[in-house]
Amino acid sequence: MRKLFGTDGVRGTANTHPITAEMALRIGAAVGRYFRRDQSSEHRVVIGKDTRLSGYMLENALTAGLTSTGMNVLLLGPVPTPAVGLMTRSMRADLGVMISASHNPAEDNGIKFFGPDGYKLSDQAELEIERLIETGVKPAQAQNIGRARRVDDARFRYGERVKSSLSRDVRLDGLKVVIDCANGAAHRTAPEVLWELGAEVIPVGVVPNGKNINLNCGSTNPQLAAETVVAHGADVGICLDGDADRVVMIDENGQVADGDQLMALLATSWAAADRLEGGALVATVMSNLGLERHLAAHGLRLERTIVGDRYVVERMREGGFNLGGEQSGHIVMSDYATTGDGLMAGLHFLAEMVHTGRKASELAIQFETVPQLLKNVRYQDGQTPLEATSVKAAIADAEARLNGQGRLLIRKSGTEPLIRVMAECEDDSLLTQVVDGIVAEVEAVAG
C-alpha cells in the first residue's frame with residue numbers, strides 16, 4: 001500500500017506534512033534518482049505549476065532535490081496539467097512534474113508526476129519512489145549537479161497543441177463564450193485560444209493572486225459562470241478547475257452539464273463518425289447509471305474503472321480505447337492528449353455546436369440521469385471509520401435495501417481525508433435514507 005501517494009500524486013495542506021519544503025526536497029531527490037538510471041547522459045525534467053502561493057516554495061524545493069541528483073530542470077511556470085504531459089514528451093524529458101492541488105482550495109497543494117511517455121506514473125513506480133524517499137538517496141558528485149532554466153513559451157506550445165486537436169474548418173466566429181479559469185493555471189491560455197479561434201470571449205476567474213484559486217469559481221463552483229452566461233446573453237460557458245484538467249459546460253440558459261453528459265455527446269458523435277475506438281467509453285464507478293443506459297441504446301459499451309483519471313487512462317491504453325473520463329469533468333481524448341484536458345474537451349463541445357448548428361442546450365443534456373446522491377464526511381488523520389462495526393452494518397443494510405433497485409459506492413478520497421458516500425436509485429426517498437444512514441454512522445465514528 002502506498003503511504004504518501006493518493007489517487008493523483010501527493011497532496012495536502014501547504015506547510016503541513018507531506019506538503020512542506022523539506023519533504024518536497026526529499027521527493028525531488030528520490031524521483032530524480034528513480035529516473036536518472038543512466039549516469040552517462042543528460043537527463044531532463046519539466047516542472048509546471050498552477051497559481052497557488054505555495055507553488056513558489058515547492059517549485060524551488062523540488063528543483064533543489066532534482067538538481068542534486070543530476071537532473072536538469074526546465075521550469076514552465078503556470079501551465080495546465082495537460083501541458084506538462086505534452087511538454088514532457090515533446091521535450092524528450094525523463095520526467096514531468098505538476099505542482100497543483102487541482103480543484104482543492106488555495107491552502108492545499110500537491111505534486112503530480114508524468115513519465116517520459118507523458119502519462120502519469122503507475123502504482124508500482126510510486127511505491128518504488130516512496131521507498132527511495134524513506135531510505136534517502138546519494139546525491140550526484142559536484143561536477144554532475146544539474147542546472148535549472150525557465151522555458152518562456154510553454155503555454156504557447158500548449159495552446160497550439162490544443163487548437164490542432166480541432167479540424168481546420170472549425171471557427172468560433174459569432175459565438176459568445178464565457179470562460180471561467182478558476183483563477184488558475186489556464187487564466188491566460190484559455191481566453192487566448194478561444195479568441196484566436198474567433199470567439200467573443202467573456203473571461204471569469206482570470207485574476208489570480210495566489211490565494212483565490214477555485215474560490216467561488218471554476219468547475220466545482222460554476223454558479224458565477226452560469227450567472228455570467230445569462231447576464232451577457234452568451235451562447236455557452238466553459239468552466240475549468242485550478243489546473244485546467246477538468247471541465248463542466250454551461251448552456252445559454254445557465255444550466256450546468258457535467259463530465260458524464262459531455263462524454264455521452266462525444267462518444268455518440270465519434271461513434272457516428274466511426275472515430276470511437278473499440279465501440280466503448282471508459283469511465284469510473286462514479287459515472288451515472290444513466291450514461292451506461294444511454295450508451296447501450298446506441299450500441300456502445302461503458303467500461304468502468306476505480307476512481308482516478310490515471311486508472312481511466314490505464315484502461316484506455318490496455319484496451320485501445322480513445323475516449324474516457326470522469327463525471328467530475330476529466331475528459332481524456334488519447335488521440336491528442338495523455339491526461340484529462342478541460343480546455344480541449346470544452347473546445348470539442350464548441351466544435352459540435354459549430355458542426356451541428358445546434359444550441360448548447362440541445363447538446364449539453366444527452367440523457368436523463370438516475371437520481372444520484374453523494375455526501376462527504378471528513379475524518380481525522382489516523383482514523384479508520386470504514387472499519388467500524390457500526391459503519392459496516394449500516395453499509396450492509398443499505399446494500400440489502402438497494403438490491404435490484406440501485407447501487408451503492410463507499411470509498412475514501414484519494415486526495416482529501418474524506419469518506420465519500422454515493423448511491424443511485426430511482427426511489428428518491430430510499431436514496432436519501434440509505435445515504436443519510438451511512439453518513440450518520442461514519443460521522444458518529446469520526447467524532
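The values are calculated or read from the model by the stated rules, or taken from the named source; none is laboratory data. Just so it is clear, the structure is predicted and the values come from calculations on it, not from any experiment. Note that we place each Cβ from the backbone using ideal geometry, even for glycine, and neighbour counts take in every protein chain shown. Please note that ligands, DNA and RNA were not included when accessible areas were found on the heavy atoms of the full protein model with its side chains. Shrake-Rupley method; radii C 1.70, N 1.55, O 1.52, S 1.80 Å.
In whole Hz and in residue order, list the ³J(HN,Hα) couplings for the stretch 203-220 that follow from phi through the Karplus curve 6.51 cos²θ - 1.76 cosθ + 1.60, θ = phi - 60°; x for Gly and Pro.
Here the 3J(HN,Hα) series is x, 9, x, 10, 10, x, 10, x, 10, 10, 4, 6, 7, 6, 7, x, 5, 8 Hz.
When the helices in the chain are scored as -39500 (n - 2.57) per DSSP H run of 4 or longer and the sum is shared across all residues, what 222 nm value do you end up with, to the nearest 500 deg cm²/dmol? Each step should come with its number before you reach the end.
Details: 14 runs with 169 residues, N = 447.
Taking each H run of at least 4 residues, the total per residue is -12000 deg cm²/dmol.
Where a ≥ b ≥ c are the square roots of the eigenvalues of the C-alpha gyration tensor, would you call the chain rounded, which needs a/c under 1.5, or, failing that, prolate if a/b is larger than b/c, or oblate? If you can, show how the numbers build up before the last one.
Values: a/c = 1.69, a/b = 1.16, b/c = 1.46.
Taking the square roots of the gyration eigenvalues as a ≥ b ≥ c, the chain is oblate.
When only DSSP loop residues count, what trypsin sites (Lys or Arg not before Pro) in the stretch 141-190 have their Cβ near at most 14 other Cβ atoms within 10 Å?
On the way: sites: ARG147, ARG149, ARG150, ARG155, ARG157, ARG161, LYS163, ARG168, ARG171, LYS176, ARG188; in loops: ARG147, ARG168, ARG171, ARG188.
Qualifying residues, ordered by number: ARG147, ARG168, ARG171.
Provide the per residue accessible area, probe 1.4 Å, for the stretch 229-296, rounded to a whole number of square angstrom. Intermediate values should be presented prior to the final figure.
Values: 1930 Å² over 68 residues.
Using a 1.4 Å probe on heavy atoms only, each residue of the stretch 229-296 averages 28 Å².
Please compute the per residue accessible area over the stretch 365-447 with all protein chains in place, 1.4 Å probe, rounded to a whole number of Å². All intermediate terms of the calculation are to be shown ahead of the outcome.
Values: 4380 Å² over 83 residues.
Solvent-accessible surface per residue comes out at 53 Å².
Per 0.36 nm of contour for each residue apart, how much would the distance between SER429 and ASP169 grow if the chain were fully extended, relative to their Cα-Cα spacing?
Gain on stretching SER429 to ASP169: 88.7 nm.
Solvent-accessible area per residue for the stretch 143-191 at a 1.4 Å probe radius, Å²?
On the way: 2610 Å² over 49 residues.
Here the per-residue accessible area is 53 Å².
Per the 1.4 Å probe, what fraction of the accessible area of the chain, in percent, lies on carbon and sulfur atoms?
Numbers: 8780 of 18300 Å².
Within the chain, the accessible surface is 48 percent carbon and sulfur.
Is the shape of the stretch 150-250 best called rounded, prolate or oblate, per the rule: a/c under 1.5 gives rounded, else a/b larger than b/c gives prolate, else oblate, with a ≥ b ≥ c the square roots of the Cα gyration tensor eigenvalues?
Details: a/c = 2.01, a/b = 1.08, b/c = 1.87.
Oblate.
Packing-wise, with mean Cβ within 10 Å as the measure, how do 103-112, 403-412, 335-344 rank, highest first? Please report the intermediate quantities before stating the final value.
Working: 103-112: 22.9, 403-412: 14.8, 335-344: 24.5.
Order by mean packing, descending: 335-344, 103-112, 403-412.
About the Cα centre of the chain, how large is the charge dipole given +1 on each Lys and Arg Cβ and -1 on each Asp and Glu Cβ? Please answer in debye to the nearest 20. If you can, show how the numbers build up before the last one.
Values: 46 positive and 58 negative charges, 334 e Å.
For the chain, the charge dipole is close to 1600 debye.
Just for the chain, what percent of DSSP beta bridges are antiparallel, to the closest 5?
Details: 34 of 63 bridges.
If we restrict to bridges inside the chain, about 55 percent are antiparallel.
Once you have a ≥ b ≥ c as the square roots of the Cα gyration tensor eigenvalues for the stretch 60-102, tell me rounded if a/c is under 1.5, and otherwise prolate or oblate according to whether a/b is larger than b/c. Let's see the in-between values first.
On the way: a/c = 2.38, a/b = 1.28, b/c = 1.86.
Because a/c hits 1.5 or more and a/b fails to exceed b/c, the stretch 60-102 counts as oblate.
If you average the alpha carbon positions of the stretch 381-447 and of the stretch 308-350, how far apart do those two centres end up, in angstrom?
29 Å
Projected onto the charge dipole of the stretch 382-447 (+1 at Lys/Arg Cβ, -1 at Asp/Glu Cβ, origin at the Cα centre), which of VAL445, THR384, VAL435 gives the Cα projection farthest towards the positive end?
Farthest along the dipole direction, towards plus: THR384.
Starting from the Cα of GLU200, move 7 Å in the Cα-to-Cβ direction to define the label point; list residues of the stretch 235-276 whose amide nitrogen is under 13 Å from there.
235-236
Could you tell me how far the Cα centroid of the stretch 12-54 sits from the Cα centroid of the stretch 56-119, in Å?
7 Å
Can you tell me how much longer the chain between ARG411 and GLU192 gets when fully stretched, taken as 0.36 nm per residue apart minus their C-alpha distance, in nm with one decimal?
On the way: separation 219, 0.36 × 219 = 78.84 nm, distance 3.89 nm.
Gain in length upon complete extension: 74.9 nm.
Quick check for the chain: number of Lys pairs with alpha-carbon distance under 16 Å, counting only pairs 8 or more apart or on different chains?
The number of close lysine pairs in the chain is 9.
Listed highest first by mean packing, meaning other Cβ atoms within 10 Å per residue, what order do 278-287, 202-211, 310-319 come in? Intermediate values should be presented prior to the final figure.
Working: 278-287: 22.0, 202-211: 18.1, 310-319: 19.7.
Those peptides, ordered most packed to least, come out 278-287, 310-319, 202-211.
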